[in-house]
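Presented below is the structure to which this report refers.
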Amino acid sequence: MTDTVLAVLNQPSRDAAPHDPDADAYTWVEPLEEHLQVQDLGATRGDGVFETITVVDGHPQALEPHLARFGRSAAKLDLPAPDTDVWRQAVEAACARLDPVREAFVKTVMTRGVEGTDRPTGWVYAAPSPDSTRARTEGISVVLLDRGYRHDVERTSPWLLQGAKTLSYGINMAALREAVRRGADDALFVSTDGYVLEGTRANLVMRVGDRLVTPRTDVGILDGTTQADVFRFAEEQGMETAYELVTLDDLRAADALWLVSSVRQAAPVRAVDGEDRPVDAELTTRINDFLLARSV
């Protein structure tokens with residue numbers, strides 16, 4: 001059975017030399033064998049970017065938005081531009097090679113490469129997704145954590161790389177562990193000046209009456225591919241959507257909350273800092289049905 005798949009790219013970017021001029025665009029390798037050199041800057045410094053793409057019935061969802069964000073993240077790190085055509089081919093081939101399952105994921109990773117070589121390292125990994133049924137149906141609890149930056153940090157301090165999907169996820173994982181220590185499932189970051197930002201691995205979506213609202217993407221958060229599709233669903237249903245500065249008072253006043261992301265999709269928030277929140281089960285089901293049925 002092929003339940004995990006790994007392809008290593010020979011030339012992740014056309015702006016850098018291939019690892020082997022005579023090799024194919026990518027090579028299938030055994031996922032559990034050793035492939036990464038110990039001096040690769042992705043391992044030693046977290047110097048790289050990644051994307052996680054939902055796969056439903058063998059189809060990679062929102063592939064083009066993910067590849068576009070992959071390129072934007074690389075640009076923010078001054079990495080060579082990913083060769084979108086090669087990455088797309090590798091993703092689609094990995095999906096086809098994986099044993100048929102209802103839900104899977106593909107992760108694309110590009111690092112700066114082995115220090116001193118000026119050749120990026122790239123790979124595509126595919127595997128079945130964990131079961132997210134409970135999070136989608138029963139909801140999740142979150143705690144609010146101070147991120148330690150003002151909401152305008154992306155503009156004032158671009159070197160902090162807020163808004164880029166980098167491999168430097170140590171802070172996000174520490175925040176997730178802190179949430180678990182506090183008896184919650186996840187954390188929701190808040191800026192030092194009181195604006196709600198994003199989850200550790202997800203975007204916030206709120207229902208305010210007949211509107212869906214998410215924090216603006218210029219406040220040092222990642223622009224969400226799943227969130228964009230949730231808004232597409234809402235607009236097709238005649239609902240208004242908006243990107244706004246979201247305060248803690250706005251969060252408390254919302255009629256329903258979700259953390260939305262690839263793999264988990266839309267998880268309703270049932271509690272914030274131990275305080276129960278209303279769950280819109282009917283809308284949650286409709287959103288997740290739409291997300292899982294996407295053809296683009």
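Which residues, counting only those in region 1-36, are of a type outside the set (A, V, I, L, M, F, W, C) and either part of a strand (DSSP E or B) or under 16 Å from residue 167 (Cα atoms) (or both)? Reasoning before the result, please.
Kept after step one, since they are of a type outside the set (A, V, I, L, M, F, W, C), are these residues of region 1-36: 2-4, 10-15, 18-22, 24, 26-27, 30-31, 33-35.
Listed by number, the residues that qualify are 26, 27.
Quick one: is residue 213 part of a loop (DSSP other than H, G, I, E, B) and not acidic (Asp, Glu)? Reasoning before the result, please.
Values: part of a loop (DSSP other than H, G, I, E, B): no; not acidic (Asp, Glu): yes.
Considered against the rule, which asks whether it is part of a loop (DSSP other than H, G, I, E, B) and not acidic (Asp, Glu), residue 213 comes out as no.
Scan region 147-160 residue by residue and report those that are touching a residue at least 24 places away in the same chain (Cβ under 8 Å) and either β-branched (Val, Ile, Thr) or touching a Lys or Arg at 6+ places or on another chain (Cβ under 6 Å) (or both).
Matches in region 147-160: 153 only.
Filter region 123-174 for residues that are in a helix (DSSP H, G or I), small (Gly, Ala, Ser) and loosely packed, with under 12 Cβ neighbours inside 10 Å and give the result. Working first, answer last.
Keep residues of region 123-174 that are in a helix (DSSP H, G or I), which gives 133-138, 153-156, 158-160, 170-174.
Remaining after also requiring small (Gly, Ala, Ser): 135, 170, 174.
The answer is 170, and nothing else.
Applying the selection to region 269-279, what residues are touching a residue at least 24 places away in the same chain (Cβ under 8 Å) and buried (at least 16 other Cβ atoms within 10 Å of the Cβ)?
Correct list: 269, 270, 271, 272, 279.
Taking only pairs six or more apart or across chains, which ones have beta-carbon atoms under 6 Å, a first residue in region 59-76 that is over 11 Å from residue 165 (Cβ atoms) and not assigned by TED's automatic domain parsing to the domain that holds residue 12, and a second residue that is of a type in the set (Val, Ile, Thr) and assigned to a helix (DSSP H, G or I)?
Filtered contacts from region 59-76: no entries.
So, residue 219, is that one in contact with a Phe, Trp or Tyr (Cβ under 7 Å, 6 or more places away or on another chain), surrounded by fewer than 21 Cβ atoms within 10 Å (Cβ to Cβ), outside the structural domain of residue 68 (by TED's automatic domain parsing) and assigned to a loop (DSSP other than H, G, I, E, B) or not?
Here the answer is no, as residue 219 does not meet what is asked.
For region 175-199, which residues satisfy the criterion of being among the hydrophobic types (A, V, I, L, M, F, W, C) and part of a helix (DSSP H, G or I)? Explain how you work it out, then say what you get.
Within region 175-199, the subset among the hydrophobic types (A, V, I, L, M, F, W, C) is 175-176, 179-180, 184, 187-190, 196-197.
175, 176, 179, 180, listed by residue number.
Here is a list: 251, 212, 176. Which entry is touching a strand residue (DSSP E or B) at 6+ places or on another chain (Cβ under 8 Å) and touching a residue at least 40 places away in the same chain (Cβ under 8 Å)? Don't jump to the end; show me each part of the working.
On the way: 212 fails: touching a residue at least 40 places away in the same chain (Cβ under 8 Å); 176 fails: touching a residue at least 40 places away in the same chain (Cβ under 8 Å).
The unique qualifying residue is 251.
Just wondering, is there one or more residues in region 100-107 that are farther than 27 Å from residue 296 by Cβ and in a strand (DSSP E or B)? Let's see the steps before the verdict.
The initial filter retains those residues of region 100-107 that are farther than 27 Å from residue 296 by Cβ, namely none.
Within region 100-107, not a single residue is farther than 27 Å from residue 296 by Cβ and in a strand (DSSP E or B).
Being without any contact (Cβ under 8 Å) to a residue 60 or more places away in the chain, surrounded by 16 or more Cβ atoms within 10 Å (Cβ to Cβ) and not β-branched (Val, Ile, Thr) is the filter here, so list the residues in region 89-122 that pass it.
Residues satisfying the conditions are 92, 95, 104, 107.
Return the residues of region 60-92 that are on the phi < 0 side of the Ramachandran plot and either assigned to a loop (DSSP other than H, G, I, E, B) or hydroxyl-bearing (Ser, Thr, Tyr) (or both); say none if nothing qualifies. Let's see the steps before the verdict.
Applying the first criterion (on the phi < 0 side of the Ramachandran plot) to region 60-92 yields 60-61, 63-77, 79-92.
The answer is 61, 73, 77, 79, 80, 81, 82, 83, 84.
Report yes if some residue within region 246-268 is of a type outside the set (A, V, I, L, M), in a loop (DSSP other than H, G, I, E, B) and crowded, with 19+ Cβ neighbours inside 10 Å; otherwise report no. Even if it seems obvious, please write down each step before you answer.
Of region 246-268, the ones of a type outside the set (A, V, I, L, M) are 247, 249-250, 252, 255, 258, 261-262, 264-265, 268.
Next, only the ones that are in a loop (DSSP other than H, G, I, E, B) stay: 255, 262, 264.
This time we only want the ones that are crowded, with 19+ Cβ neighbours inside 10 Å, so: 262, 264.
Yes, that holds for at least one residue.
Which one is modelled with the lowest pLDDT, of the residues in region 278-296 that are among the β-branched types (Val, Ile, Thr) and out of contact with any Lys or Arg (no Cβ under 8 Å at 6 or more places or on another chain)? Full working, then the answer.
Pass one, region 278-296, residues among the β-branched types (Val, Ile, Thr): 279, 284-285, 287, 296.
Subsequent filtering for residues that are out of contact with any Lys or Arg (no Cβ under 8 Å at 6 or more places or on another chain) retains 285, 287, 296.
Working: 285: 98, 287: 98, 296: 76.
Ranking the qualifying residues of region 278-296, first place goes to 296.
The values are calculated or read from the model by the stated rules, or taken from the named source; none is laboratory data. Just so it is clear, the structure is predicted and the values come from calculations on it, not from any experiment. FYI the Cβ positions are ideal-geometry reconstructions off the backbone, even for glycines, and counts take in every protein chain you see.
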